[in-house]
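Here's the structure we're looking at; comments come further down.
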């Protein structure tokens, strides 16, 4: 028996390779969060560059309340008063943030309360 195998060299463009890696990672992340819910802290960490809770409420939850509210087909079930937690559907929240990140003023600062 003779070995007829040969080595093959394949050249892949760096940009193409980067796109393939990013697409695959996105697929893995999306698979991983299907059916997952997040707390506000997890949402801040994964989607909001770890902005403060009050910042997320002021610049995402309040301005976009109608479109992100679960009752309207969105991904946020707001807390029902003190001591309750928001429920955030991770996959839908991540997809909405990806599609709408340009509508959020990421440089906005919370105003300090005077008193």
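Mind listing whichever residues of region 77-101 are in a loop (DSSP other than H, G, I, E, B) and touching a residue at least 40 places away in the same chain (Cβ under 8 Å)?
Hits for region 77-101 are 85, 86.
Taking interchain pairs and intrachain pairs at least six residues apart, which have beta carbon atoms under 9 angstrom, with the first residue in region 10-29 and surrounded by 10 or more Cβ atoms within 10 Å (Cβ to Cβ) and the second part of a helix (DSSP H, G or I) and at pLDDT 85 or above?
29/94
Name the single residue that is farthest from residue 87 (Cα to Cα) among those in region 1-50 being assigned to a loop (DSSP other than H, G, I, E, B) and touching a helix residue (DSSP H, G or I) at 6+ places or on another chain (Cβ under 6 Å).
In this case the residue turns out to be 50.
Please work out if residue 50 is surrounded by fewer than 17 Cβ atoms within 10 Å (Cβ to Cβ), without any contact (Cβ under 8 Å) to a residue 60 or more places away in the chain and within 26 Å of residue 27 (Cβ to Cβ).
For residue 50, the condition - surrounded by fewer than 17 Cβ atoms within 10 Å (Cβ to Cβ), without any contact (Cβ under 8 Å) to a residue 60 or more places away in the chain and within 26 Å of residue 27 (Cβ to Cβ) - is met.
Exactly one of these conditions fails for residue 109: (1) touching a helix residue (DSSP H, G or I) at 6+ places or on another chain (Cβ under 7 Å); (2) not in a helix (DSSP H, G or I). Give me its number.
The failed condition is (1).
Need the failing condition index for residue 66 against (1) out of contact with any helix residue (DSSP H, G or I) (no Cβ under 8 Å at 6 or more places or on another chain); (2) loosely packed, with under 10 Cβ neighbours inside 10 Å, just the number.
(1)
The values are calculated or read from the model by the stated rules, or taken from the named source; none is laboratory data. Note that the structure is a prediction, hence the values are computed from the model and not measured. Note: ideal-geometry Cβ built from the backbone for every residue, glycine included; neighbour counts use all protein chains shown.
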